[in-house]
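Since the structure comes first, as structure tokens, the remarks are kept for the end.
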Amino acid sequence: MTKASKAKNKTSSYYKSGTGLFRIKKPCGAYEGVKFSSSKKIHKLKKGEVFTIVDVVRYGSVYRLKTKSGLFITANKEYVEKV
């Protein structure tokens, strides 16, 4: 596998667009900004929680989902699913 195909596989595992309801599949965090750091972590999210997503933001080579309340969660398809 080439470096380019690895990068493509990584970005294809993220939601890159879309708004609406998203459900948490695996426990993860909600953050104040697009840079996920322990100092910016606001909440621990549990499997099954549902959020209204208003925007998808690119941060480097990954994507973040912006919630209606202004917090950011991962757009990784392993952790969230569109409802």
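The values are calculated or read from the model by the stated rules, or taken from the named source; none is laboratory data. Model, not experiment: these values are computed from the prediction. Side chains included, ligands, DNA and RNA excluded: accessible areas come from the protein's heavy atoms. Shrake-Rupley method; radii C 1.70, N 1.55, O 1.52, S 1.80 Å.
Rounded to a whole number, what % of the accessible area of the chain do carbon and sulfur atoms account for, probe 1.4 Å?
52 percent
With every protein chain kept in place and ligands, DNA and RNA left out, what is the accessible area per residue of the chain? Probe 1.4 Å, answer in Å².
Accessible area per residue, the chain: 64 Å².
Of the cross-linked pairs LYS41/LYS77; LYS25/LYS46; LYS16/LYS47; LYS16/LYS66; LYS40/LYS82; LYS26/LYS68, which ones have a Cα-Cα span greater than 18 Å in the structure shown?
LYS41/LYS77; LYS16/LYS47; LYS40/LYS82; LYS26/LYS68
Give the shape of the chain as rounded, prolate or oblate, defined through the alpha-carbon gyration tensor: a ≥ b ≥ c are the square roots of its eigenvalues, a/c under 1.5 means rounded, and otherwise the shape is prolate if a/b is larger than b/c and oblate if not.
Prolate.
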